[in-house]
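One structure below.
The values are calculated or read from the model by the stated rules, or taken from the named source; none is laboratory data. Owing to the predicted nature of the structure, the values given are computational and were not obtained by experimental measurement. Note that we place each Cβ from the backbone using ideal geometry, even for glycine, and neighbour counts take in every protein chain shown. Surface areas here come from the heavy atoms of the whole protein model, side chains and all, with no ligands, DNA or RNA. Shrake-Rupley method; radii C 1.70, N 1.55, O 1.52, S 1.80 Å.
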Amino acid sequence: MPITPLSNQELAPLLAQLPSPCYVVDLDRLEENLEILSRVQREAGCKILLAQKAFSFPEVYPQIARHLAGTTASGLYEARLGYEEMPGKEVHVYKPAYLPGEVEELCRIAGHIIFNSFSQWERYRGVVRSSPRKVSCGLRVNPECSTQEGHAIYDPCAPGSRLGITEKAFRPELLEGIEGLHMHTLCEQGADALAATLPAFEEKFGQYLYGMKWLNLGGGHHITRPGYDIPLLIREVKRLREKYDVEVYLEPGEAVALNAGFLSCRVLDIVENGISAAIVDTSAACHMPDVLEMPYRPQIIGSGEPGEKPYTYRLGGPTCLAGDIIGDYSFDQPLVPGSQLIFTDMAIYSFCKNNTFNGMPLPALGTVSREGGVKLVKTFGYENFKTRLGKD
Ligand SMILES: *Cc1c(COP(=O)(O)O)cnc(C)c1O
């Protein structure tokens with residue numbers, strides 16, 4: 001029996017039992033996403049990996065492992081996390097350039113290692129060949145086909161990109177030992193963007209795929225977003241599998257935990273300066289860096305656009321950074337010190353990017369579900385701040 005996730009009204013009193021601020025992963029919403037991804041795996045005949053860059057939360061890895069094929073990593077630490085916390089599942093890793101000694105270590109835990117250039121492959125192929133464990137090696141290619149506007153920092157196909165081998169830099173004479181190709185060009189995009197990219201990829205690199213074992217289509221597939229064209233994704237994956245006789249991998253990060261987490265916080269003070277500014281106990285700069293980097297305006301349960309409801313506030317963090325501003329929101333009731341606010345879609349690219357700038361405490365981590373209620377997973381303290389600064 002599928003479980004209906006807790007409604008926003010049901011969530012607020014539960015989250016209020018946790019420390020503030022606290023990230024809370026909703027296990028029922030996570031399960032809904034995982035069921036969609038399971039269906040894609042089944043119907044397309046592909047394998048899906050969790051990209052840990054977006055969401056690294058070992059507490060829920062057993063749940064993810066019940067659905068997905070394993071994890072992908074951006075280097076040794078994430079690879080170790082996937083290896084240790086999803087035992088028996090696949091470990092893939094791609095890094096733009098490996099550190100000295102990193103590939104030796106990875107050979108002990110990763111089944112698939114992807115290189116970003118032929119020079120990296122030439123440097124490390126001996127290490128992989130002499131590894132007692134069998135490791136399947138691949139190359140990341142750059143089809144030079146941008147399908148996104150606006151977010152240049154998330155476009156690996158932008159001119160001058162260091163990510164992936166271009167057609168011009170491709171050296172077919174060095175392919176011996178390479179078993180797969182990898183491409184990652186999308187960010188929060190639909191299956192139409194994938195379908196638009198594949199002709200560029202196939203025209204430039206398809207000829208090399210015959211005889212290889214796998215093709216990894218990277219992340220950025222917003223599969224669990226309402227309105228995503230899942231049948232189109234399935235058709236394209238099936239077509240690639242049949243045409244090239246390869247195993248196809250997808251490695252979404254966002255789609256795994258999209259809309260499956262919250263950041264619960266409280267108002268500390270209200271100050272007036274032409275506008276009403278609410279200072280909260282969480283920070284854009286420390287706890288939701290994508291709000292400043294991307295940038296975007298996160299949603300708050302029960303809030304409206306500025307001016308839409310009677311009481312409008314500019315929300316900012318308690319750091320000394322003037323630009324530590326989350327956004328402008330309106331509410332039905334005035335905010336007062338102690339008011340609880342719940343940001344939505346805060347599982348991804350959130351606590352895995354946290355920092356302790358300005359001595360900000362790290363928010364606690366928890367889970368919530370209809371059956372299990374709330375669970376406090378971890379709290380952090382002064383020690384976590386001090387040790388990062390070099391003092392034990
Ligand atoms: C960031 C990244 C992903 C995950 O991307 P999402 O946008 O979170 O789905 C997958 N693969 C690679 C190589 C990445 O850099």
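Worth a mention:
- Odd one out for Pro252, checked against (1) within 30 Å of Leu198 (Cβ to Cβ); (2) open to solvent by 10 Å² or more (accessible area, probe 1.4 Å): (2)
- For Ser131, the stated conditions do not hold, so it cannot be described as open to solvent by 30 Å² or more (accessible area, probe 1.4 Å) and either touching a residue at least 60 places away in the same chain (Cβ under 8 Å) or over 19 Å from Leu250 (Cβ atoms) (or both).
- Applying the criterion of being open to solvent by less than 20 Å² (accessible area, probe 1.4 Å) and more than 14 Å from the ligand (Cβ to nearest atom) to the residues of the range 39-56, the residue that is farthest from Leu232 (Cα to Cα) is Cys46.
- The single condition among (1) in contact with a Leu (Cβ under 6 Å, 6 or more places away or on another chain); (2) assigned to a loop (DSSP other than H, G, I, E, B); (3) within 28 Å of Thr4 (Cβ to Cβ) that Phe380 does not satisfy is (3).
- Remark: pairs (first residue in the range 74-87, closer than 15 Å to Val103 by Cβ and outside any helix (DSSP H, G or I); second residue open to solvent by 50 Å² or more (accessible area, probe 1.4 Å) and within 16 Å of the ligand (Cβ to nearest atom); Cβ separation under 8 Å; 6+ apart in sequence or on different chains) = Ser74/Lys53.
- Residues located in the range 180-228, provided they are within 14 Å of the ligand (Cβ to nearest atom) and of a type in the set (A, V, I, L, M): Leu181, Met183, Leu186, Ala191, Ala193, Leu194, Leu215, Leu217, Ile223
- Filter pass, Leu233 being under 21 Å from Cys352 (Cβ atoms), touching a residue at least 40 places away in the same chain (Cβ under 8 Å) and surrounded by 15 or more Cβ atoms within 10 Å (Cβ to Cβ): no
- For the range 1-31, the set of residues classified as open to solvent by 20 Å² or more (accessible area, probe 1.4 Å) and under 17 Å from the mean Cα position of the chain (by Cα) consists of Leu27, Arg29, Glu31, listed by residue number.
- Qualifying positions in the range 195-229 - open to solvent by less than 10 Å² (accessible area, probe 1.4 Å) and under 18 Å from the mean Cα position of the chain (by Cα): Asn216, Leu217, Gly218, Gly219, His221, Ile223
- Top-ranked residue in the range 338-359 [being within 14 Å of the ligand (Cβ to nearest atom) and among the hydroxyl-bearing types (Ser, Thr, Tyr); ranked as surrounded by the fewest Cβ atoms within 10 Å (Cβ to Cβ)]: Tyr349
- Strands (runs of 3 or more DSSP E) lying entirely in the range 318-377 (those with 3 or more residues that are more than 27 Å from Val256 (Cβ to Cβ)): 325-331
- Selection from the range 129-158 of residues that are among the small types (Gly, Ala, Ser) and more than 16 Å from the ligand (Cβ to nearest atom): Ser130, Ser131, Ser136
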